Amino acid sequence: MASISPPSSLEDLDKDVELGKQRKPQLTQQQRDLLEASEPPFTEHVSPSSDPNDTDGGQLEKTTSAKPSLTNIRFVPNGGLRAWLQVLGSFFIYFNAWGIVNTFGTYQTYYETALLASSSPSQIAWIGSVQAFLLMVVSALGGPLYDAGYVHHLLIGGSVLAVLGQFMLSLCQTYWQVFLAQAVCVGVGTGAMFVPGVAILSTYFSTKIATATGLAAAGSSLGGTIYPIVFRQLQPKIGFPWATRVLGFMMLATLVVSNCVLKVRVLPEGRRRFLDLTAFREAPYLFFVAGNMLAFLELYNPFFYVPSYVIESGIAGPDLAFYMLSIINAASTFGRIIPGYTADRIGPLNMIVPCTFLAGVLCICLAAAHAVGPVIAILVLYGFCSGTLVSLPPTIFVHLTQDRRLIGTRMGMGFAITSLGMLCGPPLSGAILNKSSFTYVWVFGGVCTVAGSLCLLGTRVTKGGAGLMTKV
């Protein structure tokens, strides 16, 4: 008689085997979960028999594989130590990716008054916008490398480039040197390491994905809060070069944590398609991408220009002006965690639409704020509302994609298109500022963000209908 190895398949096979008609013992649910968590391929073999009385020849051989599948959310951990460690690692990726982008307003003000005083605000803004553009574009282009298994190559390579660019920035003296170090080197590095930080979470969480993503995305707000304060406190005391190097050492220390804890659970089967043009035939996806691009076109106006605005308008002195950016980012921390937690209960689209609309209205209100109190109040509310636009889009891309194998493709396409708004928005506002005043900068930014919220509303209606109580 052929021997049968102990059961190790996740499927409850209940059938008679021709050689002896032995039934495979059933697995309990706890055993199934333990087998799924261990993640090796599980193989069942019926080997040739050595029994001389076996007249069937013992030639039956059966192999089954039960590796974790990206398309099967039934066995997604949705919690546990390893899953929450991925959130921690992703948190520090956001901390050093979008956190550095959120810090650029501090550099914008410093460059306008010191290192790059001969350059216009629009020219300086190109540094920050190209950095943000490359972050999103490189993350989109790096998707296929992630799917091919080059996760730690992206993490390590991106971390090295980001830290290297920050240290090289401390040696820069001219505009083109700053552009290459801060915009290109840091932008490419943060884009490369951002891919694993976003993609890994969707393989560890399903029903709690918005909460997990919101907690991770809070890292960008915390980075945007801490980095400006550190730079402002150290720059007058130890100079621009060493203040910049201190930020580089902070990046190095926190990125080591991410590289140590981020672990791949499952990768897509087969090669991922670079483009999925059928997505643009789906109204919800089309509206969502258009809304994101319009919103991000001017979403970062306050992050780039508020410090200069309060100084030039006489609202506050340089000391308080530099902390305005930290105020926005601190409020944005809560705007990523709380809406993310709420989105798991009422739906991410129901959360992002009103928050984006309010962010646009608040940006317009800055044009009428001429005292410290109103400016700070608006910035706190703006930071909270704008935080949803960074934390929730990855979750929404997951909800808009029926085939989970295409999540990476569609997310990458969406980020690439959104990055065009990030690229053009801040320099366009700088050009408006050169020809007019901050009033038109705030109004233009608010109108673009409100227009984006209307497109996001189109996504909500075409995906879930017009019912207010529908979870979408």
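Listed values, structure above:
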{"quantity": "Candidate set: the range 441-452, residues that are in contact with a Gly (Cβ under 6 Å, 6 or more places away or on another chain) and not β-branched (Val, Ile, Thr); chosen: the one surrounded by the fewest Cβ atoms within 10 Å (Cβ to Cβ)", "calculated": "GLY446"}
{"quantity": "Extreme residue, modelled with the lowest pLDDT, among residues of the range 437-449 that are among the aromatic types (Phe, Trp, Tyr) and farther than 11 Å from LEU299 by Cα", "calculated": "PHE438"}
{"quantity": "Options LEU164, LEU155, LEU134: the member that is farther than 20 Å from SER90 by Cβ and either out of contact with any Ser or Thr (no Cβ under 6 Å at 6 or more places or on another chain) or modelled with pLDDT of 90 or more (or both)", "calculated": "LEU164"}
{"quantity": "Residue within the range 426-448 that is part of a helix (DSSP H, G or I), in contact (Cβ under 8 Å) with a residue 24 or more places away in the chain and closer than 24 Å to THR213 by Cβ present", "calculated": "no"}
{"quantity": "Residues that are open to solvent by less than 10 Å² (accessible area, probe 1.4 Å) and in a helix (DSSP H, G or I), drawn from the range 359-384", "calculated": "ALA359, GLY360, CYS363, LEU366, VAL375, LEU379, TYR382, GLY383"}
{"quantity": "Among the residues listed as PHE280, PHE287, the single one being crowded, with 20+ Cβ neighbours inside 10 Å and modelled with pLDDT under 95", "calculated": "PHE287"}
{"quantity": "Helices (runs of 4 or more DSSP H) completely within the range 105-172 that count 2 or more residues being open to solvent by less than 10 Å² (accessible area, probe 1.4 Å)", "calculated": "121-141, 151-169"}
{"quantity": "Hits in the range 150-170 - residues which are among the β-branched types (Val, Ile, Thr) and within 17 Å of VAL264 (Cα to Cα)", "calculated": "VAL151, ILE156"}
{"quantity": "Selection count, the range 201-237, where residues are closer than 16 Å to GLY248 by Cα and charged (D, E, K, R)", "calculated": "1"}
{"quantity": "Members of the range 291-314 found to be open to solvent by 40 Å² or more (accessible area, probe 1.4 Å) and not in a loop (DSSP other than H, G, I, E, B), listed by number", "calculated": "MET293, LEU294, ILE311, GLU312"}
{"quantity": "Residue, modelled with the lowest pLDDT, within the range 387-436, restricted to residues that are closer than 22 Å to ALA216 by Cα and of a type in the set (Lys, Arg)", "calculated": "ARG404"}
{"quantity": "Qualifying residue in the range 449-456 (condition: closer than 20 Å to GLY105 by Cα and out of contact with any strand residue (DSSP E or B) (no Cβ under 8 Å at 6 or more places or on another chain))", "calculated": "yes"}
{"quantity": "Scan of the range 315-330 for residues that are aliphatic (A, V, I, L, M), within 19 Å of the chain's Cα centre (by Cα) and open to solvent by less than 10 Å² (accessible area, probe 1.4 Å), ordered by number", "calculated": "ILE328"}
{"quantity": "Close pairs from the range 154-176: first under 24 Å from ALA199 (Cβ atoms), partner aromatic (Phe, Trp, Tyr) and at pLDDT below 95, Cβ under 8 Å, at least 6 apart", "calculated": "LEU154/TYR146; GLY158/PHE194"}
{"quantity": "Leading residue by the ranking (farthest from the chain's Cα centre (by Cα)) among those in the range 331-343 that are open to solvent by 30 Å² or more (accessible area, probe 1.4 Å) and over 19 Å from PRO302 (Cα atoms)", "calculated": "THR342"}
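Listed here are the residues, each with its yes/no results for (1) at pLDDT below 90; (2) open to solvent by 30 Å² or more (accessible area, probe 1.4 Å).
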residue	(1), (2)
VAL186	no, no
GLY189	no, no
ILE200	yes, no
LEU215	yes, yes
THR225	yes, no
PHE231	no, no
ARG245	no, yes
THR254	no, no
ARG271	yes, yes
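The values are calculated or read from the model by the stated rules, or taken from the named source; none is laboratory data. Model, not experiment: these values are computed from the prediction. As a convention, Cβ positions derive from the backbone with ideal geometry for all residues, glycine included, and neighbour counts pool all protein chains shown. With ligands, DNA and RNA removed, areas are computed over all heavy atoms of the protein, side chains included. Shrake-Rupley method; radii C 1.70, N 1.55, O 1.52, S 1.80 Å.
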